[in-house]
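Chemist: Sharing a structure below in structure tokens format, with a few things to ask.
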Amino acid sequence: MSKLPIIMAAPNGARKTKADHPSLPMTIAETVAEASQCFEAGASILHAHIRDDDGKHSLDSNTYDKLLNEMAVSVPEMLVQITTEAAGIFTPQQQATCLFEVQPQFASIGVREMTGSGEAADLAFAADIYSRVKAQGTSIQHIVYSPDDLAYLITLKQHKVIPDGRLHALFVLGRYNPGFVSDPSELDGFLTDNINKLDSWMLCAFGASEYDSIIKAISHGGHGRIGFENNIYLKDGSLAPNTASLIAQIADTQSIAKGEDTRSTLT
């Protein structure tokens with residue numbers, strides 16, 4: 001794990017639009033432009049979402065390919081992580097198809113989305129997908145929304161549903177809270193022995209507590225995902241002009257890992 005914190009930019013997400021903030025990027029050109037500003041501010045990874053022609057969340061492989069190609073030209077130093085988020089729209093098979101068609105270097109997968117849960121769980125399907133994704137050379141960051149999800153992730157690794165290799169996780173604070181408002185104290189539930197079974201972990205936090213939550217995560221050896229996907233307010237409570245400004249206020253107080261340090265840690 002990198003000794004320096006790694007910052008990932010998450011400038012849009014699956015649901016927000018320009019009605020939420022006029023500077024929220026929706027198109028490929030807008031996303032690449034924002035990614036460039038985020039890189040200059042201190043981020044070394046783009047958490048990439050794409051939209052269809054109507055501005056809705058998409059997993060279209062051709063659109064992802066266009067974004068990746070544009071990023072390779074405009075911000076080649078920045079690692080790009082695609083998302084397979086279902087957002088209540090896509091099935092696990094559709095998420096897997098996206099991964100196989102795009103074959104990205106880095107991707108995020110919601111652990112409960114790929115395996116299902118309860119009677120709907122299909123661990124054989126998930127094991128096959130994870131194995132094939134590893135074979136094609138894609139590194140995965142597993143999204144967990146609670147300490148129970150983290151324990152479930154560790155169990156999946158122990159039972160070989162997730163194949164041998166490095167294990168990366170993103171902890172999400174506030175996803176199930178009223179108004180999607182998180183509190184830094186929620187991180188405490190993740191700080192168990194299970195965290196020592198991860199090769200890296202990163203935190204994102206919904207709402208205006210994002211800054212304090214990320215600083216707390218960094219103090220415990222974690223990394224930070226920052227941006228309009230989760231929060232549009234600066235630490236002083238004012239509206240942020242863009243995701244780059246949210247990243248800058250973290251980077252200004254931290255020594256940030258970039259370049260090969262980032263890639264070797266997460267891929």
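Chemist: Quick one: if the Förster radius is 35 Å, what FRET efficiency do Arg15 and Asp164 give, using the C-beta to C-beta distance and rounding to 0.05?
Modeler: Here the calculated transfer efficiency is 0.50.
Chemist: Report the gain in length on full extension from Thr97 to Asn62: 0.36 nm times residue separation, minus Cα-Cα distance, nm rounded to one decimal.
Modeler: 11.4 nm
Chemist: OK, next. Run the numbers on segment 7-266 and let me know its relative contact order in percent, using alpha-carbon pairs under 8 Å that are six or more apart. Could the numbers behind the result be given before it?
Modeler: Values: 470 pairs, mean separation 54.5, N = 260.
Answer for segment 7-266 is 21 percent.
Chemist: What spacing in nm lies between the two simple spin-label points modelled at Thr27 and Asp236, each 7 Å away from Cα in the Cβ direction?
Modeler: The two pseudo-label positions are separated by 3.3 nm.
Chemist: Quick one: Karplus J couplings for segment 134-145, per residue in order, coefficients 6.51, -1.76, 1.60, θ = phi - 60°, nearest Hz, x for Gly and Pro?
Modeler: Result, rounded to whole Hz: 4, 4, 7, x, 8, 8, 10, 10, 8, 8, 10, 9.
Chemist: Can you tell me, using C-alpha contacts under 8 Å and at least 6 residues apart, the relative contact order of segment 9-50 as a whole percent?
Modeler: For segment 9-50, the relative contact order is 55 percent.
Chemist: Amide H neighbours of Ser209 under 5 Å, at least 5 residues apart or on other chains, H built in the peptide plane: list them.
Modeler: Under 5 Å from the amide H of Ser209: Ser182.
Chemist: Could you work out [θ]222 nm for the chain from helices alone, using -39500 (n - 2.57) per DSSP H run of at least four and dividing by all its residues? Round to the nearest 500 deg cm²/dmol.
Modeler: Result for the chain, helices only: -10500 deg cm²/dmol.
Chemist: Arrange the following residues from fewest to most other Cβ atoms within 10 Å of their Cβ: Glu40, Glu34.
Modeler: Taking fewest neighbouring Cβ atoms as first place, the list is Glu40, Glu34.
Chemist: Now for a different question. Going by C-beta contacts inside 10 Å, put Ile82, Ile45 in order with the fewest on the left.
Modeler: Ascending number of Cβ neighbours within 10 Å: Ile82, Ile45.
Chemist: Let me ask something else about it. May I ask for the net charge around Asp164, where only other residues with Cβ less than 10 Å from the Cβ of Asp164 are counted and Lys, Arg are +1 while Asp, Glu are -1?
Modeler: Taking every Cβ under 10 Å from that of Asp164, the sum is +4.
Chemist: Determine the alpha carbon to alpha carbon distance for each of Lys56/Lys134; Lys157/Lys197; Lys3/Lys258; Lys3/Lys197; Lys157/Lys216; Lys134/Lys160 and list only those over 21 Å.
Modeler: Listed pairs above 21 Å: Lys56/Lys134; Lys157/Lys216.
Chemist: So, one more: Apply the a/c threshold of 1.5 to the C-alpha gyration tensor of segment 7-266 and tell me whether it is rounded, prolate or oblate.
Modeler: Numbers: a/c = 1.43, a/b = 1.16, b/c = 1.23.
Taking the square roots of the gyration eigenvalues as a ≥ b ≥ c, segment 7-266 is rounded.
Chemist: Separate question: Got the relative contact order for segment 105-227 handy, in percent, Cα pairs under 8 Å and 6 or more residues apart?
Modeler: 21 percent
Chemist: Subtract the Cα-Cα distance of Ser219 and Gln136 from 0.36 nm times their separation in residues, and report this length gain in nm to one decimal.
Modeler: Full extension from Ser219 to Gln136 adds 26.4 nm.
Chemist: From the backbone phi of segment 179-189, what are the Karplus-calculated ³J(HN,Hα) couplings (6.51 cos²θ - 1.76 cosθ + 1.60, θ = phi - 60°) in whole Hz, Gly and Pro given as x?
Modeler: Working through the residues one at a time gives x, 6, 9, 9, 9, x, 5, 5, 4, 4, x Hz.
Chemist: Next question. For the residue pair Lys3 and Phe180, what label-to-label distance in nm results when each label sits 7 Å from Cα along the Cα-to-beta-carbon direction?
Modeler: Between Lys3 and Phe180, the simple spin-label model gives 3.7 nm.
Every number here is computed from the coordinates shown, using simple stated rules; none is lab data. Remember, it's a predicted structure, so these values are computed and weren't measured experimentally. Quick reminder, even Gly has a Cβ in these numbers, built from the backbone with ideal geometry, and neighbours come from all protein chains shown.
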